[in-house]
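Peer 1: One structure coming up, written as structure tokens, with questions to follow.
The values are calculated or read from the model by the stated rules, or taken from the named source; none is laboratory data. Computed from a predicted structure; not experimentally measured. Methodologically, a virtual Cβ is constructed for each residue, glycine included, from the backbone with ideal geometry; neighbour enumeration extends over all protein chains shown. Calculation scope for accessible area: heavy atoms of the full protein, side chains included, ligands and nucleic acids excluded. Shrake-Rupley method; radii C 1.70, N 1.55, O 1.52, S 1.80 Å.
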Amino acid sequence: MTNFLDTIRRDASLAEGLARRLTQSGILDAAGLQRAERAQQRSGERFDRVLTRLGLASERAVADAMSLTLALPLMSQADVPLTRAFDTQLPLAYLKEHRILPLNEAAHGVALAMADPLDEETASAVAFLLERPVIRHVATAGDIDTAIEQLYTEGQPADRGDLANAYSDDASEEDVDRLKDIASEAPIIRLVQQLIARAVETEASDVHLEPGEDGVRVRYRIDGVLHTVETLPPGVRAAVTSRVKIMARLNIAERRLPQDGRIRLAVRGKDIDLRVSTMPTLYGEGVVLRILDRSTNRLDLEDLGFHGPVLDAFRRVLAQPNGIVLVTGPTGSGKTTTLYSALAGLNSAELKLFTVEDPIEYHLAGINQIQVQPKIGLTFAAALRSILRQDPDIIMIGEIRDLETAQIAIQASLTGHLVFSTVHTNSAAATVVRLLDMGIESYLLASSVTAVVSQRLVRQLCRDCAKSRAVPKDMLRKLVGDAFAISDVAAIDTHIAAHTYELKSAAGCPSCRHTGYAGRTAVLELLEMTDGVKEHIVEGASEQRIEKAGHAAGMVSMYRDGLQKVLTGETTLEEVLQVTRIR
């Protein structure tokens, strides 16, 4: 029989076939194709994997294109068998490891769903084990994982009605030993695992367990928006909370004070970290789990939303040997990910890098990461003082919260170190004023801080279903004028004629759970410490004057950066207006 890979080699290459079909369907544009090609050249990864890793196309879209390119059937829900087969020859661990699933058997062979249909070694091994030819079907990894769980997981998903009957008495809250026993019973363990697994499958960033009088409301934050997924019966309030606390190694007997912990586990073959926070409320402890998926962490500035003048300015700042670079924005705006991306780009064998964090969100190879522990005196300031005796080149401070930490950061920058940190303010200019209010001398601030990045996150339009939107000429002129700071109508028309802009609107499809959005990107502004800005800082100017000086030096506001992303079809005007102030 002809080798399957030989057939592929006779046709157009896989990359060419996928690129052609994805661009024809409008899922992949020219800019995205170029990014994917550059990433493939740098990493050596296969083209389909590059597309999904960069978020340029969904798993479903790539699987569809792969099916057409390779002329292989695509597994549907109807193809999933009702009972499992070949248990002896193909054990569950083997199916999970190789992301495969036997579908059905016919006279001409066994249909085998494969997340990687080009895996010749696995296909040959299965054919040998089953002593039958294998007919490959293309499937997404998520679909295979879901089907395997339906067929092979012991027991069925916990029935909420059964749970309500089994755990109908919250009196167990007062009996710690009994609570431990309940939290270790199979139904509660399975329930918590299902809640976490479903959150990971839907690419949620947070799981919220909110106790109320009538039950426990479960909500997932997906692309920055909370969605209620179900309400658990009141009787499981204490048991579910206790199960999470046991997993996070927290004190289940302490219900009066907030607690923080961490869980590390594998879900659907992915390494997942969960940051756990508990909070006492009227009807019990509320729990929030922040999901940190280490396998999909994007540490590339362009992937995060940096482009054009903002990207050029940030790269200039990163090339400087010393100074302080600050990233500001509200909680959950991607500040730490931006800093990680900067560190990942600077990390090399010739430099010694340290981070001081609370908590450590992602583990970075080659970087010395320190977890703050205030209970034993290891604060940001204490850790920084010790780090400076370790001969560092680059230091990242998780957050500047007080004057002492700020002073040590300035001292480090003035003695030849490059320092990164975050501050919670509303804009880049407001960060300068905040540090002055902390008590930092204006001349020290002007001579040490090299740039401030302010950012927010907006939802990206789904690449599978976004629709082109007709825009009146006057509105397009207004958007282009605001986005590129052009006031003359003739100049705006010239700009429009020289560029291709396409506004899009949200539609909704299965890939994006019918929301019209999939993923998020940052809208940014970067204030460089030019001579003009420094003069205003030393003079003690207001936030408005510092911001005006920044704009005069070429700073692009978050609003303008957001409009540029609207004009290229990345997001919508509504999303940008929701998170930015028009300045």
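Peer 1: List the residues whose amide H sits under 5 Å from the amide H of THR515, counting only those 5 or more places along or on another chain, with H placed 1.01 Å from N in the peptide plane.
Peer 2: Result for THR515 returns CYS509.
Peer 1: Please give the per residue volume of the convex hull enclosing the alpha carbon atoms of region 341-425, rounded to a whole number of Å³. Walk me through the numbers before you get to the answer.
Peer 2: Numbers: hull volume 8.7 nm³, N = 85.
Per residue, the Cα convex hull of region 341-425 comes to 103 Å³.
Peer 1: Another one. Residue farthest toward the positive end of the dipole of region 279-396, with Cβ of Lys/Arg at +1 and Asp/Glu at -1: which of ILE360, ALA342, ILE291?
Peer 2: Of the options given, the answer is ILE360.
Peer 1: Hey, another quick one. Would region 402-557 count as rounded, prolate or oblate if I go by the C-alpha gyration tensor, calling it rounded below 1.5 in a/c and otherwise prolate when a/b exceeds b/c, oblate otherwise?
Peer 2: On the way: a/c = 3.35, a/b = 1.72, b/c = 1.94.
Taking the square roots of the gyration eigenvalues as a ≥ b ≥ c, region 402-557 is oblate.
Peer 1: When Lys and Arg each count +1 and Asp and Glu each count -1, what net charge do the other residues less than 9 Å away from GLY261, Cβ to Cβ, add up to? Walk me through the numbers on the way to the answer.
Peer 2: Numbers: positive: LYS245, ARG249, ARG262, ARG275; negative: ASP260.
Neighbour charge sum, excluding GLY261 itself: +3.
Peer 1: With a ≥ b ≥ c the root eigenvalues of the C-alpha gyration tensor of region 544-583, is it rounded (a/c under 1.5), prolate (a/b larger than b/c) or oblate?
Peer 2: Numbers: a/c = 5.04, a/b = 1.98, b/c = 2.54.
Since a/c reaches 1.5 but b/c is at least a/b, the shape of region 544-583 is classed as oblate.
Peer 1: Still on this structure: Which one, (i) 3, 15, 21, 21, 18, 12, 7, 3, 1, 0; (ii) 3, 14, 22, 24, 21, 12, 4, 1, 0; (iii) 3, 17, 26, 26, 18, 8, 2, 0, 0, gives P(r) over Cα pairs in 10 Å bins from 0, in percent as derived from the coordinates shown?
Peer 2: Given (i) 3, 15, 21, 21, 18, 12, 7, 3, 1, 0; (ii) 3, 14, 22, 24, 21, 12, 4, 1, 0; (iii) 3, 17, 26, 26, 18, 8, 2, 0, 0, the structure-derived one carries the label (ii).
Peer 1: If you only keep lysine pairs separated by 8 or more in sequence, or across chains, how many in the chain come under 12 Å at the Cα atoms? Let's see the in-between values first.
Peer 2: Working: LYS96/LYS270; LYS180/LYS245; LYS467/LYS504; LYS504/LYS565.
Value for the chain: 4.
Peer 1: Could you tell me the relative contact order of region 346-388? Use alpha-carbon pairs under 8 Å, at least six residues apart, and round to a whole percent.
Peer 2: Values: 44 pairs, mean separation 14.4, N = 43.
After rounding, I find 34 percent.
Peer 1: Just how much of SER386 is accessible, in Å², when a 1.4 Å probe is used and the result is rounded to the nearest 10?
Peer 2: Solvent-accessible area, nearest 10 Å²: 60 Å².
Peer 1: Taking square-rooted eigenvalues a ≥ b ≥ c of the alpha carbon gyration tensor, is region 293-369 rounded, prolate or oblate, where a/c under 1.5 means rounded and, failing that, a/b exceeding b/c means prolate?
Peer 2: Numbers: a/c = 1.44, a/b = 1.08, b/c = 1.33.
Rounded.
Peer 1: Measure out, as a whole number of angstrom, how far apart the alpha-carbon centroids of region 121-155 and region 47-85 sit.
Peer 2: Spelled out, the Cα-based centre of one part sits 13 Å from the other.
Peer 1: A follow-up question, please. Write down the percent of antiparallel bridges among all DSSP beta bridges whose residues are both part of the chain, to the nearest 5. If you can, show how the numbers build up before the last one.
Peer 2: Numbers: 56 of 85 bridges.
Just about 65 percent of them are antiparallel.
Peer 1: Remind me, relative contact order of the chain in percent, using alpha carbon pairs under 8 angstrom and six or more residues apart? Kindly include the intermediate steps, with their values, before the conclusion.
Peer 2: Numbers: 979 pairs, mean separation 55.2, N = 583.
Relative contact order for the chain comes out at 9 percent.
Peer 1: Now for a separate question. Tell me the per residue accessible area of the chain using a 1.4 Å probe; a whole number in Å² is fine.
Peer 2: Here the residues of the chain average 47 Å² of exposed surface.
Peer 1: Can you tell me the relative contact order of region 435-583? Whole percent, Cα pairs under 8 Å, sequence separation 6 or more. Can you show the working numbers first?
Peer 2: Numbers: 226 pairs, mean separation 52.0, N = 149.
Over region 435-583, the number comes to 35 percent.
Peer 1: Sorted by accessible area with a 1.4 angstrom probe, largest first, how do LYS375, LYS504, LYS352 fall? Please list the in-between numbers first.
Peer 2: Working: LYS375 205, LYS504 50, LYS352 75 Å².
These residues rank, largest area first, as LYS375, LYS352, LYS504.
Peer 1: Right, here's the next one. Please work out the Cα center distance from region 339-409 to region 207-285, rounded to the nearest Å.
Peer 2: First find each Cα centre; the distance between them is then 29 Å.
Peer 1: Using a 1.4 angstrom probe on heavy atoms only, work out the carbon and sulfur share of the accessible area of the chain in %. Mind showing how you got there, number by number?
Peer 2: Working: 13570 of 27360 Å².
Reported share for carbon and sulfur atoms: 50 percent.
Peer 1: Looking at GLN194, ALA381, VAL50, which one has the Cα that reaches farthest to the positive end of the dipole of the chain (charges on Cβ: Lys, Arg +1; Asp, Glu -1)?
Peer 2: VAL50
Peer 1: So, one more: Nearest 10 degrees is fine. How inclined is helix 59-70 to the longest principal axis of the chain, computing both from alpha carbons?
Peer 2: Roughly 60 degrees between the two axes.
Peer 1: Follow-up. What net charge do the residues around LEU418 carry, taking every other residue with its C-beta under 12 Å from that of LEU418, with Lys and Arg at +1 and Asp and Glu at -1? Each step should come with its number before you reach the end.
Peer 2: On the way: positive: LYS352; negative: ASP393.
That works out to 0.
Peer 1: Local charge sum around ASP393 (other residues, Cβ-Cβ under 15 Å, Lys/Arg +1, Asp/Glu -1)? Write down the numbers at each step before the final one.
Peer 2: On the way: positive: LYS352, ARG389; negative: GLU350, ASP391.
Residues close to ASP393 contribute a combined charge of 0.
Peer 1: Take the alpha-carbon centre of region 466-516, take the same for region 423-456, and report the distance between them in whole Å.
Peer 2: 33
Peer 1: Let me ask something else about it. In deg cm²/dmol, rounded to 500, what helix-only [θ] at 222 nm does the chain give when every DSSP H run of at least 4 residues adds -39500 (n - 2.57) and the total is split over its residues?
Peer 2: Details: 25 runs with 245 residues, N = 583.
After summing the helix terms and dividing by residue count, I get -12000 deg cm²/dmol.
Peer 1: Would you mind checking the tilt of helix 335-346 against the longest principal axis of the Cα atoms of the chain, expressed as 0 to 90 degrees and rounded to 10?
Peer 2: 90
Peer 1: Might you work out the accessible area of PHE47 for me, using a 1.4 Å probe with all protein chains in place, and round it to the nearest 10 Å²?
Peer 2: The accessible area of PHE47 comes to roughly 10 Å².
Peer 1: With every protein chain present, what accessible area does HIS551 have (1.4 Å probe, heavy atoms only), rounded to the nearest 10 Å²?
Peer 2: 70
Peer 1: If you fit an axis through the alpha-carbon atoms of helix 489-498 and take the longest principal axis of the Cα set of the chain, what angle between them do you get, 0 to 90°, nearest 10?
Peer 2: Approximately 40 degrees, to the nearest ten.
Peer 1: Let me ask you something else. Not counting the cut sites, what is the longest span of the chain without GluC sites (Glu not before Pro) that DSSP labels loop and that have at most 16 other Cβ atoms within 10 Å? Numbers along the way, then the final one.
Peer 2: Numbers: sites that count: GLU45, GLU131, GLU154, GLU185, GLU203, GLU213, GLU254, GLU350, GLU441, GLU502, GLU539.
Here the longest segment lacking exposed loop sites spans 255-349.
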